[in-house]
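Everything below concerns the one structure shown next.
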Amino acid sequence: MQTYYVDGQFVGASEAVIPVDDLAIMRGFGVFDLLRTLNGKPLFLKEHIQRLEVSARRIGIELPWSHQELIDIVLETLHRNSFQESNIRIVVTGGSSPDFITPQGKPRLLVLVTRAPHLPEAWYTDGVKIITFLSERSIPGAKSIDYVAATIALKQASDQGAIEAVYVDHRGHVLEGTTSNIFALIDGTLVTPGTGILNGITRNAVLNLAAKMVPIDTRDLKLDELSSANEIFITGTNKMIVPVVQVDHRKIGRGRPGQTTQTLMRAFSEQIDDYYRNQNA
């Protein structure tokens, strides 16, 4: 039976409920983080917990759980489930509010463990299409539960045969995807936006790795630069590194995964293997 952690208790998925006066329901007030397992063990768990804590502070939620308590609850919830590979969603809600708008300083913690999705191999061998979408996060550094824009954007992407939508702000600057960060290889330099985005855990790992291989420029990325980029890829918790071969109606490079992207994909896979060897040493 699938087990969730909900507000201090471990319950079956069908019994997982929160009160309707919780600000997560009434106002979309809350934060979350998502991580995955590899070989059955959480990947970058401490980093994801740290980001959750930062997200909560930025929207004004004071967490009553320590860093270690959050880790322990996540690990226990994972232990109570038996998927070969899992997604782990950690959600902190605003808690119940008698006037449906004012936080009372009693947030709720939810940990949801589900089966990790199997992504198509063709994404990595052939590359994918993404679209652009005019939008930006209201609080970029917080991974809030408000995903209205993302839901709309992903529906548009799906309707156009794309797997992701990347946000573009009113200045014409590319920011990030709904669930990913974006990189573009331009004249031999790997460019990625550095402001107005969520601090991606996979993004940071890829940046540290790529810095050993290619010049890095963290700066504003203009929309018209995407069409002339030699290579583009996106990164994310579930996706890892996915090569992009089409943006909207424009083909990128030669229309297939580029050499730098493929090299980074192989190196990142090796880095993850090393990560687990060190964790289990």
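Below, the figures for the structure above:
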quantity: Counted charge near ILE139, where neighbours are those whose Cβ lies closer than 12 Å (Asp, Glu -1; Lys, Arg +1); calculated: +2
quantity: 3J(HN,Hα) from dihedral phi, the range 136-143, Karplus parametrisation 6.51/-1.76/1.60, rounded to Hz, x for glycine, proline; calculated: 7, 5, 5, 10, x, x, 10, 8
quantity: Global form of the range 1-67, assessed from the alpha-carbon gyration tensor, a/c cut-off 1.5; calculated: oblate
quantity: q = 0.16, 0.28 Å⁻¹, the range 115-192: log10 I(q)/I(0) [Debye, one scatterer per Cα]; calculated: -0.69, -1.37
quantity: Environment charge at THR37 (Cβ cut-off 11 Å; Lys +1, Arg +1, Asp -1, Glu -1); calculated: +2
quantity: Most mobile listed residue (ASP99, ASP22, ASP146) in the chain, GNM with C-alpha springs under 10 Å; calculated: ASP99
quantity: Cut-off 15 Å between beta-carbons: net charge of the residues surrounding GLN156, Lys and Arg +1, Asp and Glu -1; calculated: -1
quantity: Rounded tilt (10° steps) of 45-59 against the dominant C-alpha axis of the chain; calculated: 80 degrees
quantity: Qualifying trypsin sites (Lys or Arg not before Pro) for the range 129-173 [loop in DSSP, other Cβ within 10 Å: at most 11]; calculated: ARG171
quantity: Under the Karplus curve 6.51 cos²θ - 1.76 cosθ + 1.60, θ = phi - 60°, whole-Hz ³J(HN,Hα) for the range 79-88, x wherever Gly or Pro sits; calculated: 4, 7, 10, 9, 6, 5, 9, 10, 9, 10
quantity: Percent antiparallel among DSSP beta bridges (both partners in the range 173-245, rounded to 5); calculated: 85 percent
quantity: Percent carbon-and-sulfur accessible area, the chain, ignoring ligands, DNA and RNA, probe 1.4 Å; calculated: 50 percent
quantity: Within the range 219-281, trypsin sites (Lys or Arg not before Pro) in DSSP loop having at most 16 other beta-carbon neighbours inside 10 Å; calculated: ARG219, ARG254
quantity: Value of relative contact order over the range 59-206, rounded to a whole percent, pairs C-alpha under 8 Å and six or more apart; calculated: 16 percent
quantity: For the range 204-210, Karplus couplings with θ = phi - 60° (6.51, -1.76, 1.60), whole Hz, Gly/Pro x; calculated: 4, 5, 5, 4, 4, 6, 5
quantity: Extent along principal axes [Cα atoms of the chain; Å; largest to smallest]; calculated: 55, 47, 31
quantity: Accessible area of the chain divided out per residue, in Å², using a probe of 1.4 angstrom; calculated: 49 Å²
quantity: Between helix 259-279 and the chain: long-axis angle, C-alpha atoms, 0 to 90°, nearest 10; calculated: 40 degrees
quantity: Antiparallel bridges, percent of DSSP beta bridges restricted to the range 98-235 (to nearest 5); calculated: 60 percent
quantity: Measure of compaction for the range 75-220 (Cα Rg per 2.2 N^0.38 Å); calculated: 1.24
quantity: Surface/4 estimate of mean projected area, convex hull on alpha-carbon atoms of the range 53-95, nm²; calculated: 3.6 nm²
quantity: Choice from LEU119, LEU35, LEU43 showing the highest fluctuation, given a GNM over the chain with Cα pairs closer than 10 Å; calculated: LEU119
quantity: Translational D in µm²/s for the range 148-243 (Stokes-Einstein at 4 °C, 1.567 mPa s, Kirkwood Rh from C-alpha pairs); calculated: 95 µm²/s
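The values are calculated or read from the model by the stated rules, or taken from the named source; none is laboratory data. The shown structure was predicted, so the numbers you read here are calculated from the model rather than taken from an experiment. Here the Cβ is made from the backbone with ideal geometry for all residues, glycine too, and neighbour counts use every protein chain on show. Protein only, heavy atoms only, side chains kept; ligands, DNA and RNA dropped before computing areas. Shrake-Rupley method; radii C 1.70, N 1.55, O 1.52, S 1.80 Å.
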